[in-house]
Amino acid sequence: MRLLIAFLALLALPVTASARVVNAEDILPPGQSGFVSVTGVPDGTGSPHLTDQSDMFVNFVRKPHTFGQPGVEESPKPGVKIVRDSFGVPAITADSLANMWWGAGYAVAQDRLFQMELFRRATTGRLAEILGEGYLDDDLIARRDYYTREERGRMLAALPPGLRERVIPYKDGVNAWIDHVRSNPDDMPGEFPALGVELTDWTEDDSIAVGIYLARTVPSSSGVELQNLRTLRAIGPQAFDALLPLRTPDANPSVPPRYGRFPSNPGPLNPKKRARQERAAFARTLEVSKDWELPAEGTVAAARASVAEGLVGHVGGSYMFAVRKKRPERGAFLFNGPQLGYSIPELFVELEVHAPGYDVRGVTAAGVPLVAIGHNGDVAWGYTSGLSDEDDLYAEELIAPEQYKFDGQTREMECRDETFTYRSPPTDLLSFPDVVPGAGSRTERICRTLHGPVEVRAGNRAYARRYAIWMRELETLEGLTALTEAKNIRDVDRALLKVTWNENIIAADSQGNIGYWHPGLHPLRPKGFDERLPFPGTGEAEWRGLLPRRRTPHVINPRRGYLFNWNNIPSAGWTNGDSEASERASGPFHRSAWLARNVRDVAARPTWEGARGAVFKSGTIAQQRPLFEDRLRAAGQGSAGRAALIFDALLKWDGSYHQVDANGTVDPGVDIWEIFKDEAELVAVERLAGPGAADRAKHLLGGTGSSHQFDISNGEAYALRTLDDAGLRQAAEGTFAKLAKKYATEDVSKWRAPRQMYSVSAQGAAAWNDIPFFDRGTWEQVVELAP
């Protein structure tokens, strides 16, 4: 009888929506699964879908991303059907939204159960319990800068009932698979016994903790004001202001200036008056901060940039674009490639979900009942990290260890003790960074001021972080749910007024409309202090509120017919803030300028193949080489000797680090360009601040990050913006000397290096070989929509 009821329930399930998604393809390297069996731990065997998308990715081949892919079917409970396609991607079809989320929890747990264990520990500060003392700093940050279990419970209770109710069936679906695993040891992920970790039930709080952490850290993480202040003291105000200006000249915004200027901190419209105000604020901040003691370098202050790929909280880069079709044809193309580093398993997990009135396919993070990026039957959308400065560091004047002064009054900090235990893994079979032997515990005193969590102390100062999104992370779930249900671009526009996080979003609908948004909560900062540095916590530098949602950068259907973003500034008038992602200050040489050039070509002749080709060019070319061609040519025309050889080699090279010869080596231009940028930076910074300045300014000069190895740093961009021809020739001379020494020859044609590889991280027992480096997404989707 039970089998008959289950069969009848399946017959009643809704059929897949008839989508207006004409073409759609995606790729998720290395694969959908993260499952390695107990018996498979020694040789890394497990699911056939661990690495089955790897070769496709390397060859720029993608798999179908449309609804209703055929596959193997199961029905884990009445009213729920799961069909896994040939790549293991689950499509859940259910007779209700509750059963749909139950099925999503069940399917994701099948694929990523151990990753979910890592996620819930990472977001509640319990990683060191299974991975050892090297993870205590991560655990401290998770408990200090986020919330207690009781606070998370209050945030969940504040959600609309419909959103709260999806967390429960999702949790129940996860636990249904956990119950199965307990009874079927062959389906137990091998990492649990290898680490000696008990398999425990998933809770609502686990999903909430993961969701909060993602909403805070993936768009942007904590600021670098203390590092800025330290560097300012080392190189002086003039050099600091040159290397990290509030506004970079000739920046490349995602919102075309003709469609509006969206200032991040509205003030005088007159440029001269605004500049005077900002100079005065800089001078005032220098004066009030001159006696502030700074903590020792290396102190655990903010979230570490070294959060491993594949772990929740890793911040990378991402790119996306949308192009409208030419009239009289209607429709649009959308591409999104979130860049969070390559790992096995990946941060993202793919799924498709259907219930009456609800049809979505895309990716999410394991443990969260939401399809974050993807498409429904009418709209496709993508994200990139916003990287705007949404928080500030306040220097509290201490009266006692847990007392501080505010508005002339003594205030008590809110403090608690937190005990952290740690134990190194009992096996060397698993691949994790920072593992050290030993076991024990450590108790930390965690405090908050009225501004927020105290990150670090030095002398009579406690430095506390104020977040615009504090206690409001879960509100984003309401907006993103409305986004997944959008029928057109106006629905998207309304949905994004509800989100509190700062992801850039581009969307396209089946009528050919496209839009860009830089939403979230952004502080209106005090006019009298500089946003690149800490504010005094005495009450004189308080926020003036939050930027109204409608005044955050956005545009719909720009006349040029395309939109793009690669973590560049959202609009004219938007300041750099403290620039944790310092390459965002690189102005005309930001990597987004190369993407914009490729997308402009697609917009001139919008085709499916053109959209795919733009991804290839963007992901295999050193972005600034074509952008700097005219300057290279000008400097090369007046050069001679060794410098002339360098310019000649660079001009003959097309910028590709992907093309190789029969020996697997790349063009000499690859190595030459990388060293040339370094040498140019050295020349420019020493001209600015004297010998040794590059070492003193290292923090501001920045780097390119693992996802953008052939991109440009802030310091290199400063050099390309400011050096004259003589300076570029000096850099060329230095480049020749270094590479002649490296290759032991002055024959430039022999300066060929092996194709650069990307080192893949592992978050468990699975193994994946290093892959050729691409500046590409962790997951990629290309979607074509039409009426």
When region 365-418 is examined, which residues are found to be among the small types (Gly, Ala, Ser) and either touching a Phe, Trp or Tyr at 6+ places or on another chain (Cβ under 8 Å) or part of a loop (DSSP other than H, G, I, E, B) (or both)?
ALA365, ALA366, GLY367, ALA372, GLY374, GLY377, GLY382, GLY386, SER388, ALA395, GLY408
Entirely in region 46-119, the strands (runs of 3 or more DSSP E) that have 2 or more residues that are within 20 Å of GLY374 (Cβ to Cβ)
80-84, 90-94
Considering only residues that are closer than 20 Å to PRO426 by Cα and free of Cβ contacts under 8 Å to residues at least 60 places away in the same chain, look in region 119-168 and name the one that is most open to solvent (accessible area, probe 1.4 Å).
ARG126
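So that you can scan it fast, the table gives a plain yes or no per residue for (1) under 20 Å from ASN184 (Cα atoms); (2) modelled with pLDDT of 95 or more:
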position	(1), (2)
ASP55	no, yes
PHE60	no, yes
GLU74	yes, yes
ALA91	no, yes
ASP95	no, yes
TRP102	no, yes
GLU117	yes, yes
GLY134	no, no
ARG144	no, yes
Kindly indicate whether any position in region 749-769 is over 35 Å from the mean Cα position of the chain (by Cα) and in contact (Cβ under 8 Å) with a residue 24 or more places away in the chain.
yes
For region 81-92, pairs from a residue that is charged (D, E, K, R) to a residue that is open to solvent by 40 Å² or more (accessible area, probe 1.4 Å) and assigned to a strand (DSSP E or B), with Cβ under 9 Å and 6 or more apart or across chains, are LYS81/GLU73; LYS81/GLU74; LYS81/SER75; ARG84/VAL72; ARG84/GLU73; ARG84/GLU74; ASP85/PRO64; ASP85/VAL72
Which members of region 112-135 meet the condition of being within 30 Å of ASP85 (Cβ to Cβ) and touching a strand residue (DSSP E or B) at 6+ places or on another chain (Cβ under 6 Å)?
ARG112, LEU113, PHE114
Output the number of the condition that PRO519 fails; it satisfies all remaining conditions of (1) assigned to a loop (DSSP other than H, G, I, E, B); (2) more than 22 Å from the chain's Cα centre (by Cα).
(2)
How about region 574-611: which of its residues are basic (Lys, Arg), modelled with pLDDT of 95 or more and either assigned to a helix (DSSP H, G or I) or touching a helix residue (DSSP H, G or I) at 6+ places or on another chain (Cβ under 6 Å) (or both)?
ARG597, ARG600
Tell me which residues, restricted to region 239-261, are more than 30 Å from GLY692 (Cβ to Cβ) and over 23 Å from the mean Cα position of the chain (by Cα).
PRO256, PRO257, ARG258, TYR259, GLY260, ARG261
Could you tell me whether region 181-196 includes any residue that is under 25 Å from ASP359 (Cα atoms), open to solvent by 10 Å² or more (accessible area, probe 1.4 Å) and without any contact (Cβ under 8 Å) to a residue 24 or more places away in the chain?
no
For residues that are out of contact with any Asp or Glu (no Cβ under 9 Å at 6 or more places or on another chain) and charged (D, E, K, R), tally how many sit in region 624-661.
4
How many of the residues in region 659-675 are open to solvent by less than 20 Å² (accessible area, probe 1.4 Å) and assigned to a helix (DSSP H, G or I)?
5
Looking at LEU163, LEU159, can you tell me which residue is touching a helix residue (DSSP H, G or I) at 6+ places or on another chain (Cβ under 8 Å), of a type outside the set (Asp, Glu) and not in a helix (DSSP H, G or I)?
LEU159
Conditions (1) open to solvent by less than 10 Å² (accessible area, probe 1.4 Å); (2) part of a loop (DSSP other than H, G, I, E, B) -> GLU542 fails only (1)
Of all residues in region 365-384, how many are under 30 Å from GLY452 (Cβ atoms), out of contact with any helix residue (DSSP H, G or I) (no Cβ under 7 Å at 6 or more places or on another chain) and surrounded by fewer than 24 Cβ atoms within 10 Å (Cβ to Cβ)?
1
Selection status of GLU784, crowded, with 20+ Cβ neighbours inside 10 Å, in contact (Cβ under 8 Å) with a residue 60 or more places away in the chain and of a type in the set (D, E, K, R):
yes
For region 573-582 the number of residues that are in contact with a Gly (Cβ under 6 Å, 6 or more places away or on another chain) and either of a type outside the set (D, E, K, R) or open to solvent by 10 Å² or more (accessible area, probe 1.4 Å) (or both) is 2
Among (1) small (Gly, Ala, Ser); (2) open to solvent by less than 30 Å² (accessible area, probe 1.4 Å); (3) more than 25 Å from GLY705 (Cβ to Cβ), there is one condition ALA596 misses while meeting the rest; what is its number?
(3)
Restricted to region 711-731 and to residues being open to solvent by 20 Å² or more (accessible area, probe 1.4 Å) and touching a residue at least 12 places away in the same chain (Cβ under 8 Å), the residue nearest to PRO245 (Cα to Cα) is TYR718
List pairs: first residue in region 563-591 and without any contact (Cβ under 8 Å) to a residue 12 or more places away in the chain and under 28 Å from LEU229 (Cβ atoms), second residue in a loop (DSSP other than H, G, I, E, B) and charged (D, E, K, R) anywhere in the structure, Cβ distance under 8 angstrom, at least six positions apart or on different chains.
none
Total residues in region 467-510, condition open to solvent by less than 30 Å² (accessible area, probe 1.4 Å) and within 30 Å of HIS451 (Cα to Cα):
18
Test set (1) open to solvent by 40 Å² or more (accessible area, probe 1.4 Å); (2) in contact (Cβ under 8 Å) with a residue 60 or more places away in the chain; (3) touching a helix residue (DSSP H, G or I) at 6+ places or on another chain (Cβ under 8 Å) - ASP678 fails condition number:
(2)
Restricted to region 456-466, and to residues that are charged (D, E, K, R) and open to solvent by 10 Å² or more (accessible area, probe 1.4 Å), which residue is nearest to the chain's Cα centre (by Cα)?
ARG466
Within region 612-647, considering residues that are more than 25 Å from the chain's Cα centre (by Cα), among the aliphatic types (A, V, I, L, M) and part of a helix (DSSP H, G or I), the one surrounded by the fewest Cβ atoms within 10 Å (Cβ to Cβ)
ALA634
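The values are calculated or read from the model by the stated rules, or taken from the named source; none is laboratory data. Everything quoted here is computed from the prediction, not taken from an experiment. Every residue, glycine as well, gets a Cβ built from its backbone with ideal geometry; the counts of neighbours run over all protein chains shown. Surface accessibility is based on the protein's heavy atoms, side chains included, excluding ligands, DNA and RNA. Shrake-Rupley method; radii C 1.70, N 1.55, O 1.52, S 1.80 Å.
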